[in-house]
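Following: one structure in structure tokens, then a few remarks.
Only the coordinates and a few stated rules stand behind these numbers; no lab work does. Treat the numbers as computed from the prediction; the structure is a model and nothing was measured. So basically every Cβ, Gly included, is an ideal-geometry build from the backbone, and we count neighbours across all protein chains shown.
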């Protein structure tokens, strides 16, 4: 008779307080995002070569950058799960809690400062991240919590105390499917539920299952458009290397309660939406509401309501009324594509509906928003 299986360890969830703790956590986050490989990780964490020596140098520099970013950002909270039997770090993440509007100036481009200034790689990263992070900047101009799989921006960005608001999560391959991710999520939910805050997550395909189990729902799928006129050989190489890049945008209302009072999406939240949910403290919106439209001259990603439909357009600088378009997308009855099987590529998971009804819908929106191109 075989012995019973060893039960998983009772992990201890601890908040990082020293750089030495953070270095141990960062080692796990690097390992987690290379097993399997998460493409966006190397966009947000500079890598210089394939050797073990390169990896050690890159990781040490990355630790310095992110610890400095954490130290100057009061919204940042790193935590990790410790296996008390072995003393190993099993996994961890960074939660950010914003008690006021972190985007008082509206959506802004996201500069890359961790790859060499003026390099095509830095330009490519800025192009990609500006698209990926536009929805949060446009919709979440109020108190909220944030979490993003795999990547933290270490550069000095003037949106929040020159700090950063993109976060990451990772579990070491040796500890997966043992409840580590759920414990890390529960730590954050215990705090934001007391405040009555909603939470918004930009996730890769691999994080989708955990977040949905923790009460999040997909509100949109996002694929990055990297095409440009007359690209260089380096730009074409980068497009090929990151061809599977994509994001799922997930949202959880206060306390994870999905009832008839919850609006269609985070873009539809008004000052009165969460009056009964807020647990005290500062007003969620402060002096600025999320219903303001913002004029932008940056490429907008391919988007679709509730992450099922995907409507593409060519990359070109255009003026964007982000909230108005998002509301139009959400309120329109469109034949939607479906997310496919579990794939490591979010981009391959999102399909496009090509029915006549969606074609008619695109024609109507093209007339209303003539500055957009709907392919």
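Which three lengths, in whole Å and largest first, does segment 174-214 cover when its Cα atoms are put on their principal axes?
The Cα atoms of segment 174-214 stretch 34, 19, 13 Å along the principal axes, largest first.
Give me 237, 218, 168 ranked fewest to most by other Cβ atoms within 10 Å of their Cβ, as a rough exposure proxy. Provide the component values of the computation, followed by the final result.
Values: 237 14, 218 18, 168 25.
Final ranking by Cβ density, sparse to dense: 237, 218, 168.
What distance in nm lies between label points placed 7 Å from Cα along the C-beta direction at residue 260 and residue 56?
Rounded to a tenth, the inter-label distance reads 6.4 nm.
Points 7 angstrom from Cα along the Cβ direction at residue 68 and residue 15: gap in nanometres?
2.5
How do 129, 184 rank when sorted from fewest to most other Cβ atoms within 10 Å of their own Cβ?
Details: 129 22, 184 27.
Listing 129, 184 from fewest to most nearby Cβ atoms yields 129, 184.
On full extension of the chain, what length is gained from residue 105 through residue 182, given 0.36 nm per residue of separation minus the C-alpha to C-alpha distance?
Gain on stretching residue 105 to residue 182: 24.3 nm.
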